[in-house]
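K.L.:
Please read through the structure below; I'll follow up with questions.
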Amino acid sequence: MGYGAHAYQDDPRNAEILISINGELVPRAEATVSVFDSGFVLGDGVWEGLRLHDGGIPFLRAHLTRLYEGARTLDFEMDVSPEQLVERLFACIDANGMTDGVHIRLMMSRGIKATPYQDPRVTITPPTIVIIPEHKKATVDDRGITLFTSAFRRTGPDQQDQKLNSHSKLNCIQACIQAAKAGADEALMLDPQGFVATCNSTHFFIVRRGEVWTSSGDYCLGGITRGNVIRLCEQEGITVRQKNFSLTDVYGSEEAFVTGTFAGVSPVREIDGRVLGDPLGDVPAIPGPMVQRLRAAYRDMIARETTRTL
């Protein structure tokens with residue numbers, strides 16, 4: 001199931017998982033939220049995707065910081081502290097007997113409304129917090145994924161701020177639909193000036209002349225894995241640039257890859273029908289040498305930075 005960097009194989013154990021809804025553990029088949037919930041009515045919420053590794057969660061503090069920053073930006077009236085949420089998170093994981101190979105969707109909406117209406121002042125409960133842990137391992141094809149450049153653009157902070165990891169993802173969904181109709185795995189999205197921004201559900205990098213390039217970051221989510229890969233490049237002595245670049249730069253790159261919490265570092269083999277590789281040389285093997293190097297370094301980083309506490 002799934003496509004591109006989010007490809008996975010169904011696990012029958014997921015039919016019996018317990019889901020945490022406001023701290024109560026509920027069987028999957030019985031897990032529900034109100035039709036008056038802000039997340040359902042308006043997409044008024046924020047979320048995080050987490051991985052379980054060796055009983056802990058890599059980069060937990062960074063994920064919780066982003067979640068609570070989003071809640072503050074949207075002016076949620078929080079009644080659960082970060083420490084309490086971590087306790088609730090691991091109570092759910094432990095109740096399911098999970099230790100590894102698990103993806104966790106942590107979702108938070110403003111809460112339940114008295115009536116289906118936009119104004120936050122008609123919200124009558126504290127935020128709704130849902131934790132869904134699933135046995136889910138990435139099965140990304142090592143031949144690399146394919147991308148298609150969408151006509152749907154990333155928006156600036158004066159429109160819908162892409163720094164918010166909000167439930168409302170309609171521009172990304174529209175881009176994904178367009179890419180799927182074109183036969184690609186995922187969409188590459190541009191910023192309002194036409195420079196490359198990011199993908200619809202992952203972050204995008206290219207390799208040019210031994211350097212790693214990614215967008216300026218002005219029109220994309222502050223990705224945890226994106227930031228860690230940039231940090232890894234700096235630690236490994238690899239020149240990494242956050243800058244504006246165009247599709248011409250992309251088509252002429254030797255390698256490209258995407259990053260995300262679920263699959264880590266995933267190679268890209270083709271963009272808009274162009275197979276990547278040195279313009280004056282042969283098409284390289286997939287994954288290329290830079291992807292292989294960064295994958296190994298990222299695995300080591302996960303092992304170092306996995307925790308059960310803030």
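K.L.:
Filter region 3-37 down to residues that are among the aliphatic types (A, V, I, L, M) and either within 29 Å of S266 (Cβ to Cβ) or in contact with a Gly (Cβ under 8 Å, 6 or more places away or on another chain) (or both) and give me whichever is surrounded by the most Cβ atoms within 10 Å (Cβ to Cβ). Walk me through it before giving the result.
P.N.:
Let us first name the residues in region 3-37 that are among the aliphatic types (A, V, I, L, M), namely 5, 7, 15, 17-19, 21, 25-26, 29, 31, 33, 35.
Still in the running and either within 29 Å of S266 (Cβ to Cβ) or in contact with a Gly (Cβ under 8 Å, 6 or more places away or on another chain) (or both): 5, 7, 15, 17, 19, 33.
Working: A5: 25, A7: 18, A15: 10, I17: 23, I19: 21, V33: 16.
Filtering first and then ranking leaves A5.
K.L.:
Within the group I177, I173, which residue is under 14 Å from the mean Cα position of the chain (by Cα), at pLDDT 95 or above, aliphatic (A, V, I, L, M) and surrounded by fewer than 19 Cβ atoms within 10 Å (Cβ to Cβ)?
P.N.:
Exactly one residue qualifies, and that residue is I173.
K.L.:
Sticking with this one: Please identify the pairs in which a residue from region 159-183 that is without any contact (Cβ under 8 Å) to a residue 60 or more places away in the chain has its Cβ atom under 7 Å from the Cβ atom of a residue that is assigned to a loop (DSSP other than H, G, I, E, B) and hydrophobic (A, V, I, L, M, F, W, C), counting only partners at least 6 apart or on another chain.
P.N.:
Q162/C220; Q162/L221; K163/L221; N171/F152; Q174/F152; A175/F152; Q178/A151; Q178/F152
K.L.:
Name the one entry in R293, R208, R241 that is in contact (Cβ under 8 Å) with a residue 24 or more places away in the chain and either more than 24 Å from D141 (Cα to Cα) or aromatic (F, W, Y) (or both).
P.N.:
One residue alone meets the criteria, R241.
K.L.:
Turning to a different aspect of this structure: Cβ contacts < 6 Å: first residue without any contact (Cβ under 8 Å) to a residue 24 or more places away in the chain, restricted to region 14-26; second residue buried (at least 18 other Cβ atoms within 10 Å of the Cβ), any location; separation 6+ or different chain. Result?
P.N.:
Listed by first residue and then by second, the contacts come to V26/I19.
K.L.:
Hey, does region 1-11 have a residue that's out of contact with any Asp or Glu (no Cβ under 9 Å at 6 or more places or on another chain) and assigned to a helix (DSSP H, G or I)?
P.N.:
Looking through region 1-11, none of the residues is out of contact with any Asp or Glu (no Cβ under 9 Å at 6 or more places or on another chain) and assigned to a helix (DSSP H, G or I).
K.L.:
Where in region 18-133 are there helices (runs of 4 or more DSSP H), lying fully within it, with 3 or more residues that are at pLDDT 95 or above and aromatic (F, W, Y)?
P.N.:
Result: empty, no element qualifies.
K.L.:
Looking at this structure, is R72 free of Cβ contacts under 8 Å to residues at least 60 places away in the same chain and either within 18 Å of P126 (Cβ to Cβ) or surrounded by 15 or more Cβ atoms within 10 Å (Cβ to Cβ) (or both)? I'd like the intermediate steps shown before the answer.
P.N.:
On the way: free of Cβ contacts under 8 Å to residues at least 60 places away in the same chain: yes; either within 18 Å of P126 (Cβ to Cβ) or surrounded by 15 or more Cβ atoms within 10 Å (Cβ to Cβ) (or both): yes.
Judged against the criteria, R72 is a match.
K.L.:
With the requirement that a residue be closer than 25 Å to I57 by Cα and either surrounded by fewer than 19 Cβ atoms within 10 Å (Cβ to Cβ) or at pLDDT below 95 (or both), what does region 143-165 give you?
P.N.:
Across region 143-165, the qualifying residues are Q162, K163, L164.
K.L.:
Another one. Can you pull out the residues in region 266-310 that are surrounded by 14 or more Cβ atoms within 10 Å (Cβ to Cβ), out of contact with any His (no Cβ under 7 Å at 6 or more places or on another chain) and among the aliphatic types (A, V, I, L, M)?
P.N.:
Passing the criteria: V268, I271, L276, I286, M290, V291, L294, A297, M301.
K.L.:
Considering G223, G217, which residue is at positive phi and in contact with a strand residue (DSSP E or B) (Cβ under 7 Å, 6 or more places away or on another chain)?
P.N.:
Testing whether each residue is at positive phi and in contact with a strand residue (DSSP E or B) (Cβ under 7 Å, 6 or more places away or on another chain) leaves just G217.
K.L.:
Go through (1) modelled with pLDDT under 95; (2) within 21 Å of G183 (Cβ to Cβ) one by one and return the number of the condition L280 breaks.
P.N.:
Every condition holds for L280 apart from (2).
K.L.:
Another question, if that's okay. Which of the residues belonging to region 72-102 are aromatic (F, W, Y) and under 22 Å from H135 (Cβ atoms)?
P.N.:
F90
K.L.:
Filter region 261-310 for residues that are in a strand (DSSP E or B), touching a strand residue (DSSP E or B) at 6+ places or on another chain (Cβ under 9 Å) and at negative phi and give the result.
P.N.:
Residues satisfying the conditions are V265, S266, P267, V268, R269, E270, I271, V275, T306, T307.
K.L.:
Report yes if some residue within region 242-249 is within 20 Å of the chain's Cα centre (by Cα), under 24 Å from D191 (Cβ atoms) and surrounded by 13 or more Cβ atoms within 10 Å (Cβ to Cβ); otherwise report no.
P.N.:
yes
K.L.:
Name the one entry in L85, L147, L106 that is touching an Asp or Glu at 6+ places or on another chain (Cβ under 9 Å), free of Cβ contacts under 8 Å to residues at least 60 places away in the same chain and either β-branched (V, I, T) or under 30 Å from D10 (Cα atoms) (or both).
P.N.:
Answer to the check: L106.
K.L.:
So, A15, is that one in a helix (DSSP H, G or I), modelled with pLDDT under 95 and on the phi < 0 side of the Ramachandran plot or not?
P.N.:
No, not satisfied.
K.L.:
I've got another one for you. Being more than 18 Å from the chain's Cα centre (by Cα), within 22 Å of I224 (Cα to Cα) and surrounded by 18 or more Cβ atoms within 10 Å (Cβ to Cβ) is true for just one of I112, I129. Which residue is that?
P.N.:
I129
The values are calculated or read from the model by the stated rules, or taken from the named source; none is laboratory data. The structure presented is a predicted model; accordingly, all values stated were derived computationally and were not measured. Cβ coordinates were reconstructed from backbone atoms using ideal geometry, including for glycine residues, and neighbour counts include every protein chain displayed.
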